[in-house]
1. Any chance segment D:95-117 includes a residue that's among the β-branched types (Val, Ile, Thr), within 12 Å of chain C (Cβ to nearest Cβ) and more than 25 Å from D:VAL33 (Cβ to Cβ)?
2. Here are some conditions: (1) touching a residue at least 24 places away in the same chain (Cβ under 8 Å); (2) open to solvent by less than 50 Å² (accessible area, probe 1.4 Å); (3) of a type in the set (S, T, N, Q). D:SER117 meets all but one. Which one does it not meet?
3. Just wondering, is there one or more residues in segment A:61-78 that are modelled with pLDDT under 85 and farther than 15 Å from B:GLY16 by Cα?
4. Hey, A:LYS94 hits all of (1) touching a residue at least 40 places away in the same chain (Cβ under 8 Å); (2) open to solvent by 40 Å² or more (accessible area, probe 1.4 Å); (3) more than 29 Å from A:THR37 (Cα to Cα); (4) of a type outside the set (Ser, Thr, Tyr) but one; which does it fall short on?
5. Which residue is surrounded by the most Cβ atoms within 10 Å (Cβ to Cβ), if the candidates are limited to segment D:72-101 and must be polar (S, T, N, Q) and at pLDDT 85 or above?
6. Report every pair of residues separated by at least 6 positions or lying on different chains whose Cβ atoms are under 6 Å apart, first residue within segment A:21-50 and buried (at least 16 other Cβ atoms within 10 Å of the Cβ), second hydroxyl-bearing (Ser, Thr, Tyr).
7. Check A:ALA61 against each of (1) more than 23 Å from B:VAL24 (Cβ to Cβ); (2) more than 23 Å from the chain's Cα centre (by Cα); (3) surrounded by 18 or more Cβ atoms within 10 Å (Cβ to Cβ) and name the one condition it does not meet.
8. Within segment A:233-249, take every residue that is more than 8 Å from chain B (Cβ to nearest Cβ) and under 11 Å from A:ALA105 (Cβ atoms) and give me the one that is farthest from the chain's Cα centre (by Cα).
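The values are calculated or read from the model by the stated rules, or taken from the named source; none is laboratory data. All of these numbers come straight from a predicted model, not from anything done at the bench. Quick reminder, even Gly has a Cβ in these numbers, built from the backbone with ideal geometry, and neighbours come from all protein chains shown. Side chains included, ligands, DNA and RNA excluded: accessible areas come from the protein's heavy atoms. Shrake-Rupley method; radii C 1.70, N 1.55, O 1.52, S 1.80 Å.
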Amino acid sequence: MTPPSPTRATEAPAEQVDGGARSGTGTFATRMFGIATLVTMGWLVAFGLGFSPADRDQEEAVRIMYVHVPTVWLAYLAFTVTAACSGLYLFTKKHSLGFDRFAGASAEIGVVFMALSLATGMLWGKLTWGVYWQWDARLTTTALLFVSYVGYLAVRGLGGSHDQRAKRSAIIGLLAVLEIPLVHWSVRLWRSLHQEATVLNTNGDVDMDGLMLFSLFVGVVAFTLLYVWLLLHRSRVMAMEDQLDDQGLDRAIDARRAEATS
Amino acid sequence: MSAGVIAMEDAGFIIGSYVLTFAVIAGFTWRVLRGGRRLADRIDDDDKYWT
Amino acid sequence: MNRWRIARLIAGKDLRIERRSKVLTNQVLPFAGVTMVMFAFALDASNLLERVAPGLIWLATLFSLLVLVQRSFSIEGEDGALDALRVAGVDPVAVYWGKSIALGVQLAVLEVMLLIAAVLLYGAEVPLGGVVLLLTTLVTATCGLACVGTLYGGLTAGFTGRETLLPLLVLPVVAPVLIGATRAVESALGTGGVALSEGWPWIGLLAVFAVAFGVGGALAFGPLIEEAT
Amino acid sequence: MDVEPEVPNPPSVAAAPVVALDDAVAVIGGFPVLAGATLSIGVGEIVLLRGPNGAGKTSLLRMCAGLLPISRGSGSIFGFDLATQRDSIRPRVGLLGHRNGLYGDLSVFENVTFWGSTVGATSAEAEAAMSRLGVDGRLRDVVVSKLSAGQKRRTALACLVARRAELWLLDEPHAGLDAAGRDELDGVLRQAVGSGATVLVASHELERAGSLADRIVDVVAGQVHEPGAST
């Protein structure tokens, strides 16, 4: 007997884009967040590439900062939310799968943006340090954490029931947070022993004037809005995936029950 | 190396990092939305806690 | 039966199995040895080898750790013994401690062998003054590695693809041990003129790591193996 | 053999069923290996599970041992809930599955002592269990990986005896055993039941296990239809 595949057994109908499915995972609230994200992203581009002045040391290269720093901020925000939701899942009485899905969705977003921040960081590094990669404490910590959270996502994919997945990944989510200070501390200590080879500026810090600070602020706001928007949508998609799993299981149970009576 | 060459290279890196960032965001967003639309067809509206 | 006695029972069982099967001596140690030789091929300069010897020792230890962890849980998985441990209601904290101790003992043997190999092959020298620092480093780093290895070994045991998932999970976590233990051994050996006193702050890092994962692992191990299907 | 059975006091609430499943469902990889099991077993019963391959007998035993989580429905063992109190169930349950749960590099004596020690049995009790199953004497110090399949099975049964379980869950216990071994197994089970244990056994050896069993339960397509269920 072949078990009916619980997920993605049937393809969506062709007219998926329009009609009844128009809304998808959107609601009034997410649309507001979406519009706000688009508007602030537009500002970010205008200020980052246009209005903000060139830096005294870094000249135009400083403009990468306005997308790089918000991506880093978003990634760390996402991982913090993953840890918080993991803790909430484990230590609340109800063990709500909603927390688990928020944790998972947040980690996915975090991994995407951490990859992005590594990439933009390397481009920025090429301009300010003259090399793509420097064994600087921040970069190294970030790279290690990136791999850790890729591992977290792999653990989420191990299988089992929703509750098993939730418990297992919540534990790994909390262990990964335990790792952040240890990795950061060790890498910092490691780097502090060495002379930092730099071209322009030691660590990418910039003397910021008002307009630069404002551009950066716009970037952080835009990416935070984007994060909330993505988190809501992704966790709803995950809820539907879980729901479909359950429906598939119901069908499979019915099919097995029918087998016995026939 | 003239200053002009460096500036050109700078511009490529700067524009490149913006393009990369927004391309990745757009790609990820598209994937999430498409997944949502596709699954939403197969689930009752009553089961969507956000509706 | 208290927790500690069961932990000793399990550690004793693992070490007895190791003594019979000789996987450590016949397979893992040769593997670590050949790794050290391969490093010499890759870094083709003898003065460089002496300089990086401490790092290579710990790198070889980490690779061997992965092999030892796989082995530690394959003896439980082969004939369903991990299931039997779960059905028997054996205290998971005791299982965690027991298996960590057995893994730690094997790691310690391995590290001493690697140190000897570094002296013989790379020309590293052990000054008398550095012996205390060296031993402290070995002990604290081993505790941390054994705790992390047992924790993630238990998590991945019983899943398909565990051979690839284990390194993905373990290596980023043990990065602090690699850094800390390498620097501490460097100052114990006086590699590159590093002073002895510079090694002790790293012992602090290693100790915090071992305690953090020892406690975290003891709390997490039970729920993690409980959830394996 | 004048060995005392290694079974402790019977459960205090004699009237309550040892195993009580109500429409229990268990899932592995999205497939309902158990699609609704309703079963009630009282203290001291020997119940035979009968059914074709893939019907869910093994899964039912693993669920009762607390190894397979219960996804729908409800179930309890010794009155402890299978979903939330598995920690209290496990020490009182002994499972002999398809795999023996032995360490191949340890001797028979070391294996039995190890598993006995997890519940505080002494090595004298382990020796007694071994002679009960005929794996003493010459075999005592033989490494398990060198034993035959039947001898491994006997060793696994000896571990179970040394563990002093109150609910015995046996999956094809006769497989691989010779005639003498089967007789010894029957003797061990009767003795265990005589001192208050309960036995749930899945077997294809119907004439063998059927004569032993108080009652036969059919497992069909992941469901349990209990003839004359007492619920």
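1. In the first step, residues of segment D:95-117 are kept if they are among the β-branched types (Val, Ile, Thr); the result is D:108, D:112-113.
Then drop every residue that is not within 12 Å of chain C (Cβ to nearest Cβ), which leaves D:113.
Filter again for more than 25 Å from D:VAL33 (Cβ to Cβ), leaving D:113.
Within segment D:95-117 (the criterion being among the β-branched types (Val, Ile, Thr), within 12 Å of chain C (Cβ to nearest Cβ) and more than 25 Å from D:VAL33 (Cβ to Cβ)), the answer is yes, since at least one residue qualifies.
2. Condition (1) is where D:SER117 drops out.
3. no
4. Looking at each condition in turn, A:LYS94 falls short on (1).
5. Kept after step one, since they are polar (S, T, N, Q), are these residues of segment D:72-101: D:74, D:76, D:84-85, D:88, D:100.
Applying the additional criterion that residues be at pLDDT 85 or above yields D:74, D:76, D:100.
Working: D:SER74: 13, D:SER76: 20, D:ASN100: 24.
Here the answer is D:ASN100.
6. A:PHE47/A:SER215; A:GLY48/A:TYR66; A:GLY48/A:SER215
7. For A:ALA61, the exception is condition (1).
8. Going through the qualifying residues, I end up with A:MET238.
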